[in-house]
Amino acid sequence: MSQAFVKEGDAEWLHDVAPSLSALILYLTRENNGVRVYEKKVYYNQEHQREVHVMSNGLGYARDNDNRWFIADE
């Protein structure tokens, strides 16, 4: 059997992505079937008390207190 069919548990989760913006972009691009995702703007969100990076896929992403990425509503 091919390795492609055996590797079922290799999924990477958003919270597992390295805390850098470039790592987030690579992850989101992979998840978007190779279509490049880029940062549109960054702002400070009072509700989350942190910077939110709004990406071209329409979602905002921020890092939590453990430096892991999460989706922050805009």
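The values are calculated or read from the model by the stated rules, or taken from the named source; none is laboratory data. For clarity, every value in this text was computed on a predicted model and none was experimentally measured. Methodologically, a virtual Cβ is constructed for each residue, glycine included, from the backbone with ideal geometry; neighbour enumeration extends over all protein chains shown.
Brief remarks on what is shown
- Any hit, the stretch 54-66, residues being of a type in the set (S, T, N, Q), without any contact (Cβ under 8 Å) to a residue 60 or more places away in the chain, touching a Pro at 6+ places or on another chain (Cβ under 9 Å) and within 16 Å of residue 18 (Cα to Cα): no
- Output for the stretch 17-57, where each listed residue is more than 12 Å from the chain's Cα centre (by Cα) and either among the small types (Gly, Ala, Ser) or not in a strand (DSSP E or B) (or both): 33, 34, 35, 36, 46, 47, 48, 49
- Any hit, the stretch 3-15, residues being of a type in the set (A, V, I, L, M), at pLDDT 90 or above and farther than 20 Å from residue 58 by Cβ: no
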